[in-house]
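The structure under discussion appears below in the form of structure tokens.
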Amino acid sequence: MSKKILIIAGDAVEALEVYYPYFRVLEEGFGAVIASPNKKVLRTVVHDFEGWETYTEKPGYQLESHISFVDVVPTQYDGLIIPGGRAPEYIRLDENIPRIVGHFLEAGKPVGVICHAALVLSALNDKKYFQGRTMTAYTACSLDVESLGATYTKETLHVDNNIVSGHAWPDLPGFMREFLKLVRK
């Protein structure tokens with residue numbers, strides 16, 4: 001039976017951080033399902049590093065989600081990917097996020113978080129999953145990683161047991177390589 005990966009996103013998800021994992025999972029021969037607060041066409045954004053003190057943002061491609069968060073049955077999936085962008089700021093407020101994300105952490109299934117995705121993890125009331133763990137994220141999210149109880153590392157890619165974390169979209173090749181290694185186990 002083929003593996004199945006859940007990708008949770010919303011409007012303003014970073015285009016590369018959702019498309020690259022989606023296509024990479026499909027290329028691997030696994031099922032890939034994109035979930036969002038409501039099943040809809042998502043508007044992605046392109047973040048770039050153009051000499052500002054922070055990233056710039058431009059409109060990206062449109063992307064159809066397959067399912068709404070309320071309809072996600074986490075036990076049907078072998079791994080979870082949470083892309084960054086601005087989507088994590090508001091999808092973490094969805095009442096279904098703790099149920100969805102909590103399942104993967106509780107079951108020890110692979111969880112990939114990149115860039116601003118660490119914000120989604122703050123939706124879990126129980127921070128036990130992050131105690132004694134090390135993670136990376138976009139630099140502006142270092143305090144959010146630490147507020148989870150994890151240690152922030154400046155490494156652009158880090159694997160800690162079942163959690164693969166990446167700094168930003170330039171780290172996607174290593175991020176997906178490590179995530180897919182865990183899924184294949």
Residue match in the stretch 86-107 (condition: touching a residue at least 60 places away in the same chain (Cβ under 8 Å), open to solvent by 50 Å² or more (accessible area, probe 1.4 Å) and in contact with a strand residue (DSSP E or B) (Cβ under 9 Å, 6 or more places away or on another chain)): yes
Any residue at all in the stretch 29-45 that is among the hydroxyl-bearing types (Ser, Thr, Tyr) and touching a Lys or Arg at 6+ places or on another chain (Cβ under 8 Å)? no
Residues of the stretch 52-82 that turn out to be open to solvent by 80 Å² or more (accessible area, probe 1.4 Å) and modelled with pLDDT under 95, as a count: 2
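Would you check which residues across the stretch 1-43 are assigned to a strand (DSSP E or B) and of a type outside the set (A, V, I, L, M, F, W, C) and list them? So that I can check it myself, show each step before the final result.
Narrowing the stretch 1-43 to residues assigned to a strand (DSSP E or B): 4-8, 13-14, 31-36, 41-43.
Those that are assigned to a strand (DSSP E or B) and of a type outside the set (A, V, I, L, M, F, W, C): Lys4, Glu14, Gly31, Ser36, Arg43.
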When the stretch 168-183 is examined, which residues are found to be part of a helix (DSSP H, G or I) and either closer than 18 Å to Glu14 by Cα or at pLDDT below 95 (or both)? Trp169, Pro170, Asp171, Leu172, Pro173, Gly174, Phe175, Met176
Count - residues of the stretch 126-150 that are part of a helix (DSSP H, G or I), more than 23 Å from Gln76 (Cα to Cα) and not small (Gly, Ala, Ser): 8
Per the filter on the stretch 143-164, residues of a type in the set (Gly, Ala, Ser) and under 17 Å from His47 (Cβ atoms) are none
Among (1) closer than 24 Å to Ser142 by Cα; (2) more than 12 Å from the chain's Cα centre (by Cα), the one test that Val101 misses: (2)
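Residues are listed down the side, and each one gets a yes or a no for (1) of a type in the set (Ser, Thr, Tyr); (2) in contact with a Pro (Cβ under 7 Å, 6 or more places away or on another chain); (3) open to solvent by 40 Å² or more (accessible area, probe 1.4 Å):
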site: Thr136; (1), (2), (3): yes, no, no
site: Thr151; (1), (2), (3): yes, no, yes
site: Leu157; (1), (2), (3): no, no, yes
site: His167; (1), (2), (3): no, no, no
site: Met176; (1), (2), (3): no, yes, no
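The values are calculated or read from the model by the stated rules, or taken from the named source; none is laboratory data. The structure presented is a predicted model; accordingly, all values stated were derived computationally and were not measured. So basically every Cβ, Gly included, is an ideal-geometry build from the backbone, and we count neighbours across all protein chains shown. Just the protein is used for accessible areas: all its heavy atoms, side chains included, with ligands, DNA and RNA removed. Shrake-Rupley method; radii C 1.70, N 1.55, O 1.52, S 1.80 Å.
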